[in-house]
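Note sheet for the following structure.
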């Protein structure tokens, strides 16, 4: 769960115009080592050794919750971005009481097979206004969002891409060394979520 940089930024607080983020030059300069994924509009999750986790950022000085993992999986790291085990996931699910983890548990229980280790997106009825119009909750594997994309050269080309392709929140660019960048469709004037027709 590395920090995802914005491909385009405003140079300063009083600048309205967007410019390409120099920290993301690798997207264009080393394009052969970059893959593109749809950015799903939900809440992130992690499956590790058959256990489901949700994102949980731990502030320095606060007690470490049981089972919390730093995003680097380094046990020496005791604060920052990380993952917290979802309670009563899958085979342990017994309680019918609503908890903060209920949606994750419902999605996990909707899976008919063991999920491979990796990151997922929780999407569904109660998540982010349900832009995908689902009745329940699902876990979408981030790898499933792999896109065949000819890299747009500027904001106008990005707008043309988002306008002509299937509606999506954005695109995440991932380098083989783990670096990440993103661009959202709203940034170039393409509405997300797509307005529902009456």
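Read-outs: derived from the displayed coordinates by stated rules, not from any lab. Only a predicted model underlies this, so the values are computations on that prediction, with no experimental measurement involved. Because the Cβ atoms are built from the backbone with ideal geometry, glycine has one as well, and the counts that use them run over all protein chains shown.
Numbers at a glance
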{"quantity": "Helical contribution to [θ] at 222 nm, DSSP H n ≥ 4, -39,500 (n - 2.57), averaged over the chain, rounded to 500", "calculated": "-3000 deg cm²/dmol"}
{"quantity": "R0 of 35 Å, Cβ-Cβ distance residue 147-residue 74: FRET efficiency to nearest 0.05", "calculated": "0.65"}
{"quantity": "Sorted peptide list for 130-136, 36-42, criterion being average Cβ within 10 angstrom, highest first", "calculated": "36-42, 130-136"}
{"quantity": "Among beta bridges that DSSP assigns inside the chain, antiparallel share in %, nearest 5", "calculated": "95"}
{"quantity": "Between 0 and 90°, nearest 10: helix 155-164 axis offset from the chain longest Cα axis", "calculated": "60"}
